[in-house]
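Novice: Let me give you the structure first, and then I'll get to my questions.
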Amino acid sequence: MRTRIFVLCLLLLGLGGGGAHAHAMLSSASPPVGGSVGAAPRQVTLSFTQGLEPSFSSVQVTDSKGARVDLGKPQISGSTMSVGLKSLGPGTYRVNWYVLSVDTHKTQGSFSFHVGGQ
Amino acid sequence: VISDPLIYVRIVHFSATITVSGIVFFLVFITEAAFRQAGNGSNVAALVSPVFAWIAWLGLVVTVVSGGAWLLLVAQSMSDSSLQEVFSEGILRTVLLQTGFGRDWLTRFVLACLLGVTFVPFFSTHSVRSVWIKVVAVTLAAALVGTLAWAGHAVGGSGMEAIVHPAADFLHLVAAAAWVGMLLPLAVVLAAGRDAASVAVARTTTVRFSTFGIASVGTLLVTGSINTWYLVGGVTALIDTDYGRLLLAKIALFFGMVAIATVNRLRLTPRLAQVVSAFVTQDALNQLRRNALIEVVMGATIIGIVAVLGVTPHGPHQIP
C-alpha cells in the first residue's frame, strides 16, 4: 500500500508540468511592448493568455501629455482586445490595459511604444 | 489574502454544496440497499431519514444564500464598485447576463431550485422513491456541485485545455462530493443504533461506501493530476509558490484521508461481519464513526485550502 501511495504521489507531482496561466496575462502586443514602429499604427492589439470578459475589460492609449489617442470602446474577441487609434504623429505612446479574465480575476498593466523610428 | 471575505464565503458555499450533493448520492447509492437488506427488523431508516432531510434542506438553503453572497462579492470586485452601486447601477444584471461567471451562477441557481423541488418527493416519508426521482436528484446534485468548475481556475484555457480542464474539474468536484459529502451521513448511520439489525445496516453501508469511495479516490487522483498539470508550472512552483505549497498541503491531507479509509476498509469493516462479541462489533463501530468524523474535519480543511487556492495568484499579475 505504501508503495502504491508513493507511486501516486510521484504521479501527482510529476505531472506538474503544464502551463501556469490561470489569470489573463499579456502574451503579445502590436505595436510590440517597448518597441518602435516606423509608420503610425491604426490600432493597438493585445493578446492575453486567457479569455476576457468584454463587459469589464478596457484599454486606453495616451500620448506623452496624457491625452487619449484611442477611439474608445475596444473590440474584444476571446483572448484578444484591440482598439482603434486616431492619427498618430511621431512620439511615445502609453498603453494602459485592464482586463477581467473569464475565471473572474483582474489583471492590469501598461507599456509604451514609439512611433517614428528609434 | 486571509482578510478577503470571499474566502470564507467560498468555504461555506463549497461545504454546503458538497454536503447537499453528498447526501443525495449517499441515499441513492449507499443506504437504500442497506435499508432494503435490513428489512423491517431495523428502525435505522426511520431514525436517520429525518436527520438526512434536515441536513439536505439546510445545506440547500445555505448553498443558495452563500452563492448569492459570492455573486455580490465577485460583482463588487469585477466592477470596483460598492455594494450599493452593484444594485443601483445595473452591475448585477451585467455580471449575471454578460459574464461567464454570471451565466454559471444563473444556471446553478436554477439547478438549486430544481433540486429543492425534487427534494419534496425525495424526502417524503410517505412514498417509496421512484427510479425517476432518484435519477433526477442525482443528476441535479452532480450538476450543482460540478458546475462550480466554471467559477474558478478551470475556465479560460484554449484548445484542448478549454474542454479537458473544466471537464476534469467537474468530475473532481462530483467525486469530492461523493466522498467527503458522504462522510457526515455515514457518521449518522454509524451512530444510529447498537442492536443486531442496526449493525447489519452499518456493515452494508460501510462496505458500499468503501467500494464507492475507491471509485471516488481514483477519480480524484486522475482529475487532480489533470488540474495540477494545467495549474502548476512545474515541480519547482509546487515548492516555491504559495499556491504550490497550499496544493501540497491539500495533497498530503488527501492521502491522510486515503490512509484512514484504507484502515476502515481493511481492518474495521471486516470486524462488523465477525460474530466474535458485541464488544468487538461496538468497538469497530465506534472507531469507524470516529474515523468518519476525523475525515470530515480533514475534508473541511481541504475545502478551506481550495477556497484559498481560488483567490491565490499563480504568478506575476502585471506583465509587463
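The values are calculated or read from the model by the stated rules, or taken from the named source; none is laboratory data. This is a predicted model, so every value here is computed, not measured. Ideal geometry is used to build each Cβ from the backbone, glycine not excepted, and the neighbour counts take in all protein chains shown.
Novice: Hey, can you tell me all the residues within segment B:7-36 that are of a type outside the set (Val, Ile, Thr), buried (at least 20 other Cβ atoms within 10 Å of the Cβ) and over 9 Å from the mean Cα position of the chain (by Cα)?
Specialist: Answer for segment B:7-36, where residues must be of a type outside the set (Val, Ile, Thr), buried (at least 20 other Cβ atoms within 10 Å of the Cβ) and over 9 Å from the mean Cα position of the chain (by Cα): B:ARG10, B:HIS13, B:PHE25, B:PHE26, B:LEU27, B:ALA34, B:PHE35.
Novice: Mind checking which residues of segment A:71-109 are surrounded by fewer than 18 Cβ atoms within 10 Å (Cβ to Cβ) and at positive phi?
Specialist: Answer for segment A:71-109, where residues must be surrounded by fewer than 18 Cβ atoms within 10 Å (Cβ to Cβ) and at positive phi: A:GLY72, A:GLY78, A:GLY91.
Novice: Right, another one. Looking at segment A:38-55, can you tell me whether even one residue there is among the small types (Gly, Ala, Ser), in a strand (DSSP E or B) and in contact with a strand residue (DSSP E or B) (Cβ under 9 Å, 6 or more places away or on another chain)?
Specialist: Within segment A:38-55 (the criterion being among the small types (Gly, Ala, Ser), in a strand (DSSP E or B) and in contact with a strand residue (DSSP E or B) (Cβ under 9 Å, 6 or more places away or on another chain)), the answer is yes, since at least one residue qualifies.
Novice: What are the residues in segment B:141-200 that are of a type in the set (S, T, N, Q) and touching a strand residue (DSSP E or B) at 6+ places or on another chain (Cβ under 6 Å), if any?
Specialist: none
Novice: Tally up the residues in segment A:57-116 that are more than 24 Å from B:GLN98 (Cβ to Cβ), within 12 Å of chain B (Cβ to nearest Cβ) and of a type in the set (Val, Ile, Thr), please.
Specialist: 1
Novice: Residues that are assigned to a helix (DSSP H, G or I), modelled with pLDDT of 85 or more and either surrounded by 15 or more Cβ atoms within 10 Å (Cβ to Cβ) or of a type in the set (Val, Ile, Thr) (or both): does segment B:268-281 have at least one?
Specialist: Scanning segment B:268-281 turns up at least one residue that is assigned to a helix (DSSP H, G or I), modelled with pLDDT of 85 or more and either surrounded by 15 or more Cβ atoms within 10 Å (Cβ to Cβ) or of a type in the set (Val, Ile, Thr) (or both).
Novice: Right, B:LEU247: crowded, with 20+ Cβ neighbours inside 10 Å, at pLDDT 85 or above, within 21 Å of the chain's Cα centre (by Cα) and part of a helix (DSSP H, G or I) or not?
Specialist: Taking the combined requirement at face value, the residue satisfies it.
Novice: Name every residue in segment B:98-155 that is at pLDDT 95 or above, surrounded by fewer than 17 Cβ atoms within 10 Å (Cβ to Cβ) and closer than 20 Å to B:LEU58 by Cα, in order of residue number.
Specialist: B:VAL110, B:CYS113, B:LEU114, B:VAL117, B:THR139
Novice: State whether one or more residues within segment A:44-59 are out of contact with any Gly (no Cβ under 6 Å at 6 or more places or on another chain), in contact (Cβ under 8 Å) with a residue 24 or more places away in the chain and farther than 28 Å from B:GLY159 by Cα.
Specialist: Checking segment A:44-59: not a single residue is out of contact with any Gly (no Cβ under 6 Å at 6 or more places or on another chain), in contact (Cβ under 8 Å) with a residue 24 or more places away in the chain and farther than 28 Å from B:GLY159 by Cα.
Residue by residue, here is whether (1) surrounded by 20 or more Cβ atoms within 10 Å (Cβ to Cβ); (2) within 8 Å of chain B (Cβ to nearest Cβ); (3) within 28 Å of B:HIS165 (Cβ to Cβ) holds:
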| site | (1), (2), (3) |
| --- | --- |
| A:SER28 | no, no, yes |
| A:GLY35 | no, no, no |
| A:ALA39 | no, no, no |
| A:ARG42 | no, no, no |
| A:SER47 | no, no, yes |
| A:PRO54 | no, yes, yes |
